[in-house]
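For reference, the structure I am asking about is given below.
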Amino acid sequence: QVQLVESGGGLVQAGGSLRLSCSASGIISDFIAMAWYRQAPGKQRELVARITRGGIMNYVDSVRDRFTISRDNAKNTVWLQMNSLKPEDTAVYYCNFNNPWRNWWGQGTQVTVSS
C-alpha cells in the first residue's frame, strides 16, 4: 500500500530555515498535484503550497516569498523549503498527493518556530 513518509521537521528559531521532504513508497502514476498543508492547534488544516505535475506552483499569501515547493515526479518526492520562519508558521505539516478522486497524506511532521 502506498505510504507518504515525511521528514525534516523540528525546532528552529525565528528567521531560520527548514526543508521538509515527503516521499511516496510504491508508484503513484496518476497524481495531478503535490501539496503541503499545515494545521496549528485549534485551527483548521490550511493549504500552504501546491505544485502540479507540470510544475505550476501556488502559495498561500502568508508564506509567499519565504517558502518554495519543489518536486521530482519520477521519485514521487516533494519538498518544502521554508526560509525566514516565523512563530506563526508553527504547525504540523502534512504532505499530500492528489487527483480529483483521491488524496494520499503523509503522517505529519511538527515544525516549531521559537521567538
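The values are calculated or read from the model by the stated rules, or taken from the named source; none is laboratory data. Keep in mind the model is a prediction, meaning the values are calculated, not measured. FYI the Cβ positions are ideal-geometry reconstructions off the backbone, even for glycines, and counts take in every protein chain you see. Just so you know, the surface numbers come from the protein's heavy atoms only, side chains and all, with ligands and any DNA or RNA stripped out. Shrake-Rupley method; radii C 1.70, N 1.55, O 1.52, S 1.80 Å.
Does the stretch 63-74 hold any residues that are open to solvent by less than 60 Å² (accessible area, probe 1.4 Å) and either in contact with a helix residue (DSSP H, G or I) (Cβ under 6 Å, 6 or more places away or on another chain) or modelled with pLDDT of 95 or more (or both), and which are they? Reasoning before the result, please.
First, the residues of the stretch 63-74 that are open to solvent by less than 60 Å² (accessible area, probe 1.4 Å): 63, 66-67, 69-70, 72-73.
Within the stretch 63-74, Val63, Arg66, Phe67, Ile69, Ser70 meet the criteria.
Given Val48, Val111, Val78, which one is under 15 Å from Leu4 (Cα atoms), open to solvent by less than 60 Å² (accessible area, probe 1.4 Å) and assigned to a strand (DSSP E or B)?
Working: Val48 fails: under 15 Å from Leu4 (Cα atoms); Val111 fails: under 15 Å from Leu4 (Cα atoms).
After applying the criteria, what remains is Val78.
Next question. May I ask you to verify whether Val92 is among the β-branched types (Val, Ile, Thr) and open to solvent by less than 10 Å² (accessible area, probe 1.4 Å)?
Numbers: among the β-branched types (Val, Ile, Thr): yes; open to solvent by less than 10 Å² (accessible area, probe 1.4 Å): no.
Here the answer is no, as Val92 does not meet what is asked.
Filter the stretch 2-45 down to the residues that are open to solvent by 30 Å² or more (accessible area, probe 1.4 Å) and charged (D, E, K, R) and list them by number.
Of everything in the stretch 2-45, those that are open to solvent by 30 Å² or more (accessible area, probe 1.4 Å) and charged (D, E, K, R) turn out to be Arg19, Asp30, Lys43, Arg45.
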